[in-house]
Amino acid sequence: MYSAIPCIKPFNFFILPHYTIFLLLTLIILPLGLKSQSYTMPGESTPHEGTWLQWPHQYEYGIFYRNSLDPSWIEMTRALISSENVHIIAYDSNQQTRITNLLTAANISLDNIDFYLFPTNDVWIRDNGPIFVKDNNDELVIGDWGFNGWGGKYNSDLCDLIPASIASVLNMPMLDLNAVMTIEGGAYELDGNGVLLACKSSTLSQSPANSVRNPGMTVADAEPILSQYLGVTKFIWLDGYTGTDDITDAHIDGFAKFANENTLVTMNEDDLTYWGLSQTDIDILHNASDINNIPYQKVFVPLTQNNVVTTYNENLGYKGSYCNYYIANTVILVPNYNDPNDAVANAIIQSQHPDRTVIGIDMRNLFANGGMVHCVTQQQPLACNPFNPIVSGPENVCVSEPITYSVTPGINGSTYLWVINNGTIINGCGLLDTQCTILWNTAETGNIQVEITSP
């Protein structure tokens with residue numbers, strides 16, 4: 001209950017419930033080593049406030065690289081704005097203008113899109129971006145883990161700063177874990193119920209030199225860290241592999257994905273062998289079980305039928321994976337390759353997410369550079385679950401004139417039930433309206449209530 005007084009009459013301004021986003025330039029760094037404090041990373045399928053994207057630019061790898069990737073980012077944005085907010089990181093104001101022009105030319109509304117100007121090395125926000133976790137009080141905190149360009153293979157100085165930059169503009173508390181552990185977001189999968197699946201090769205490998213993230217760190221060293229800062233209570237480790245063309249050293253999200261806490265989407269034995277896994281790893285993966293040691297339901301998706309060929313007609317000489325998909329609020333973004341198995345994989349994945357719509361995103365050109373959809377998306381969970389917006393508007397009403405109240409933020413797919421007592425609706429206030437304009441009867445007690453149903 002939130003109270004306000006119009007003139008001298010009691011006026012009840014009732015809000016169900018409240019949620020807001022702060023955009024202040026303050027960085028709140030939380031102290032580490034508090035063993036009483038632990039953090040949990042919400043599952044990808046839990047409600048999102050939005051999705052973060054780092055848009056391609058020319059400053060590191062040139063114009064051709066940028067232009068070849070733009071279409072995939074345009075289509076990801078198109079798909080996501082129907083589901084949630086889209087937060088785009090642009091290298092600078094010139095790039096923001098360029099991106100805005102691209103989206104406008106593609107007839108994509110900018111209503112649910114905002115921009116943040118941070119220089120980056122590249123596009124891989126899953127690996128270098130903020131990891132949103134919740135503390136013991138269910139408040140959102142950004143985890144800023146170390147990022148060293150997949151063991152030093154590529155430049156990472158700009159991308160390593162992105163989590164702190166986002167924490168600053170969101171005025172969100174941040175855990176500075178850079179000196180604690182280096183780990184990419186694509187290196188692990190979480191089932192949303194305490195289980196982590198990962199390869200040692202992309203997390204703890206000690207050789208070759210350009211695959212080392214954490215010198216000297218062992219499984220025994222890593223597990224307490226991941227337990228405290230991600231909420232992990234059970235670990236499933238694969239050995240993985242290094243020394244191949246895979247710059248990630250076997251990121252788990254290339255070949256395995258938790259559809260939910262009971263279901264693991266992966267590949268059959270032959271395809272996993274093709275992907276480079278040992279028989280031992282395949283056996284561990286196919287026999288993986290949940291927190292209660294109940295085997296996951298295994299759902300196999302195929303590789304592409306053919307080797308992937310880019311839009312600029314380069315035959316990559318290898319097949320593509322569909323496991324690297326992204327779960328948004330109302331849609332599933334699945335990497336597609338202009339291949340006969342696109343439809344097969346899309347249908348299998350759709351069957352595992354009946355409450356969302358699968359949208360295939362052409363990832364051929366990105367795949368040529370080592371990644372797919374999940375690699376370049378990063379979810380920001382809702383601060384509260386269920387969705388808790390606020391209603392903003394005057395607390396004191398002393399004149400007989402229309403007053404407008406707004407739900408902030410509005411989320412696509414939500415409905416709003418406005419209930420007004422002792423006031424006349426002038427405009428808005430419908431099920432799909434995030435604004436309600438009222439002419440109050442200031443001689444009587446009045447109240448406004450809004451109940452929100454989130455997608």
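The values are calculated or read from the model by the stated rules, or taken from the named source; none is laboratory data. Values in this document were obtained by computation on a predicted structure and should not be read as measured data. Cβ atoms come from the backbone with ideal geometry, glycine included; neighbour counts cover every protein chain shown.
If we scan region 168-182, do we find a residue that is farther than 20 Å from GLY370 by Cβ and β-branched (Val, Ile, Thr)? Yes: region 168-182 contains one or more residues that are farther than 20 Å from GLY370 by Cβ and β-branched (Val, Ile, Thr).
The criterion of being within 20 Å of the chain's Cα centre (by Cα) and either among the small types (Gly, Ala, Ser) or at pLDDT below 80 (or both) does not hold for GLY320. Filtering THR26, THR46, THR20 for residues that are under 30 Å from LEU140 (Cα atoms), at pLDDT below 55, within 20 Å of the chain's Cα centre (by Cα) and of a type in the set (Ser, Thr, Tyr) leaves a single hit, THR20. Of all residues in region 49-67, those that are touching a residue at least 12 places away in the same chain (Cβ under 8 Å) and under 23 Å from the mean Cα position of the chain (by Cα) total 9. Within region 179-191, residues that are in the same structural domain as ARG126 (by TED's automatic domain parsing) and farther than 18 Å from GLY231 by Cβ sit with their Cβ atoms under 9 Å from residues that are among the small types (Gly, Ala, Ser) and outside any helix (DSSP H, G or I), at 6+ positions apart or across chains, in these pairs: ALA179/GLY146; THR182/GLY146; GLY186/GLY371. Residue count for region 49-98 satisfying the condition of being out of contact with any helix residue (DSSP H, G or I) (no Cβ under 6 Å at 6 or more places or on another chain), outside any helix (DSSP H, G or I) and under 29 Å from LEU140 (Cα atoms): 13. Scanning region 338-363 for residues that are in a loop (DSSP other than H, G, I, E, B), touching a Ser or Thr at 6+ places or on another chain (Cβ under 9 Å) and more than 19 Å from ALA256 (Cβ to Cβ) yields ASN338, ASP339, PRO340, ASP355, ARG356. Being crowded, with 22+ Cβ neighbours inside 10 Å and either in contact with a helix residue (DSSP H, G or I) (Cβ under 9 Å, 6 or more places away or on another chain) or modelled with pLDDT of 95 or more (or both) is the requirement here; does SER278 meet it? In short, no.
Taking first residues from region 304-326 that are assigned to a strand (DSSP E or B) and partners that are of a type in the set (Ser, Thr, Tyr), the Cβ contacts under 6 Å between residues at least 6 apart in sequence or on separate chains come to TYR326/THR377.
Run PRO295 past the list (1) under 30 Å from TYR318 (Cα atoms); (2) surrounded by fewer than 20 Cβ atoms within 10 Å (Cβ to Cβ); (3) free of Cβ contacts under 8 Å to residues at least 40 places away in the same chain and report the number of the one that doesn't hold. Exception for PRO295: condition (1). Return a yes/no flag: does region 99-106 have any residue that is closer than 26 Å to ASN214 by Cα and surrounded by fewer than 18 Cβ atoms within 10 Å (Cβ to Cβ). Scanning region 99-106 turns up no residue that is closer than 26 Å to ASN214 by Cα and surrounded by fewer than 18 Cβ atoms within 10 Å (Cβ to Cβ). In region 150-167, the residue that is nearest to ILE88 (Cα to Cα) out of those that are of a type in the set (S, T, N, Q) and in contact (Cβ under 8 Å) with a residue 40 or more places away in the chain is SER165. Is it the case that LYS153 is surrounded by fewer than 24 Cβ atoms within 10 Å (Cβ to Cβ), charged (D, E, K, R) and more than 25 Å from ASN369 (Cβ to Cβ)? When the stated conditions are applied, LYS153 does not pass them. Across region 150-193, the number of residues qualifying as assigned to a helix (DSSP H, G or I) and within 16 Å of the chain's Cα centre (by Cα) comes to 7. The C-beta contact set for region 109-134 (first residue free of Cβ contacts under 8 Å to residues at least 40 places away in the same chain, second residue assigned to a loop (DSSP other than H, G, I, E, B), distance under 6 angstrom, 6+ apart or interchain) comprises LEU117/ASP92.
Candidates ASP70, ASP160, ASP138, ASP92: the one that is acidic (Asp, Glu) and at positive phi is ASP138.
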